[in-house]
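Colleague: Below is a structure I'd like to ask you about.
Nothing in this text is a laboratory measurement; each read-out follows from the coordinates by a stated rule. Note that the coordinates shown come from a computational prediction; the quantities given were computed from them, not determined experimentally. For neighbour counting, all protein chains shown are included, and Cβ atoms are generated from backbone atoms with ideal geometry for every residue, glycine included.
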Amino acid sequence: MEAAQEPAATLERRYRRILAERMADLPFLNPHLSVRAIGFQPWNGDLLGVMLTPWFMNLMLLPGPQGWSGRTAGQQLLQSFPSGDYRFTVGAEPDIGVYQMCSLFSPALQFPDQETAEAVARQILLDLLRAPESAGISRRRLLQGRFRDHGGSAG
């Protein structure tokens, strides 16, 4: 799969096309944001990162070399990370294939600029992959972007 070899380029190309063909001129687009695949890295045999667009910021899982059999669009799956368990929804797009997403911000109107949104995405990935401390970050705080007291910056 092309997405497994160069996930950022493939994802960005696909979501720019979605922006141009399906999303252009919709009122919930953040004009300060552009399409960006952030921090994709191996995770339990798959690829994990954050997909940022003018209309959402989502955690995204792409299948690794072993692939995923039996996953269908719309299916809900629980994924476990050091910070807790999160519900992902299976989707599929041409050029990408089957993927899983967990919504973080939708719409993504609270971000004043691309730099802030990307900083939040990087911090969310760090917090996701870190086991919670005794006063750790809760799932709700992670998904609502409330992690400022853990070194993050929500702008």
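Colleague: Going by a ≥ b ≥ c, the root eigenvalues of the Cα gyration tensor, does the stretch 27-124 fall in the rounded group (a/c under 1.5), the prolate group (a/b larger than b/c) or the oblate group? Spell out each step's value before the answer.
Modeller: On the way: a/c = 1.92, a/b = 1.61, b/c = 1.19.
Prolate, because a/c is 1.5 or more and a/b exceeds b/c.
Colleague: With 10 angstrom as the radius, rank T53, T89 by how many other C-beta atoms surround their C-beta, starting from the fewest.
Modeller: By the 10 Å Cβ count, ascending: T89, T53.
Colleague: What distance in nm separates the simple spin-label points at E6 and D113, each placed 7 Å from Cα in the Cβ direction?
Modeller: My value for the distance between the label points is 3.0 nm.
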